[in-house]
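Contents: one structure, followed by commentary.
The values are calculated or read from the model by the stated rules, or taken from the named source; none is laboratory data. All values derive from a computational prediction rather than experimental measurement. Neighbour counts are summed over all protein chains in view; Cβ atoms, including those assigned to glycine, are modelled from backbone coordinates with ideal geometry. When the accessible area is computed, the model is the full protein with side chains, heavy atoms only, and any ligands, DNA or RNA have been set aside. Shrake-Rupley method; radii C 1.70, N 1.55, O 1.52, S 1.80 Å.
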Amino acid sequence: MNHHDRALNWAVEAGADEAEVRTAWVTGRAAEVPIGRLWHVFRVTVPIGQAMIDSLSERGTTLGPVLFCPARAAIEFLTPCGHRQVQPQPTVRLATTGHIRWPAPDVTVPTGRHAVCGRSWIVPPLITVPRHTPLPDLYRAAQASVRDHAAAAEDLMDKAVFGRAATR
């Protein structure tokens with residue numbers, strides 16, 4: 001099985017129509033793939049998501065597929081179904097229904113390619129990639145990233161207002 005077939009199989013298992021997925025990919029569009037059958041979508045802002053990817057990678061967490069969505073200024077992680085949202089967080093949304101737009105697996109940020117809608121894979125659905133990233137790992141990384149961004153903003157504010165770094 002190759003990467004393209006794996007991504008196509010996942011999309012079809014999730015409930016997408018195979019012919020529609022193939023047509024979308026051949027024409028440079030992202031396919032509409034249902035959310036809620038195989039996975040949910042953990043959506044965060046780009047700065048939070050980039051910090052999460054770095055943090056998760058440093059911890060040795062193997063990431064499932066991850067999408068860059070410039071129109072939403074978001075990064076989307078696939079996570080398993082069946083978890084309730086532990087705690088709402090600023091800049092975080094867990095989508096449990098609807099559709100996710102899937103570009104072809106070779107439409108990636110590193111290659112500079114993107115689907116017509118602008119989306120591209122940060123971590124594409126390759127045969128070497130797990131189906132999803134565990135939700136508890138995503139929440140921990142998001143919480144840490146939000147804390148870090150808040151602390152950095154506080155330091156900038158203190159420097160701008162008082163001409164000094166924050167004391168904690």
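With every protein chain in place, what's the accessible area of HIS114 (1.4 Å probe, Å², nearest 10)?
Per-residue accessible area (HIS114): approximately 120 Å².
For GLU20, what is the net charge nearby, where nearby means another residue's Cβ is under 15 Å from its Cβ and Lys, Arg count +1, Asp, Glu -1?
Details: positive: ARG22, ARG29, ARG101; negative: GLU13, ASP17, GLU18, GLU32.
Once all neighbours under 15 Å are counted, the net charge is -1.
Would you mind getting the accessible area per residue of segment 1-68, heavy atoms of the protein chains only, 1.4 Å probe, in Å²?
For segment 1-68, the solvent-accessible area averages 46 Å² per residue.
If DNA, RNA and ligands are ignored and the probe is 1.4 Å, what is the ranking of SER145, SER57 by accessible area, most exposed first?
Accessible-area ranking of SER145, SER57, largest first: SER57, SER145.
Leaving out ligands and nucleic acids, note down the accessible area per residue over segment 95-148 with a 1.4 angstrom probe, in whole Å².
Computed with neighbouring chains in place, this is 46 Å² per residue.
With the crude spin-label approximation of a point 7 Å out along Cα→Cβ, what separation in nm comes out for ASP5 versus ARG59?
3.5 nm
May I ask you to give the percent of accessible area on segment 1-148 that is carbon plus sulfur, with a probe radius of 1.4 Å?
On the way: 3710 of 7070 Å².
After summing per-atom areas, the C and S share lands at 52 percent.
Could you work out the relative contact order of segment 1-94? I mean the mean sequence separation of Cα pairs under 8 Å and 6+ apart, divided by the number of residues, in percent.
27 percent
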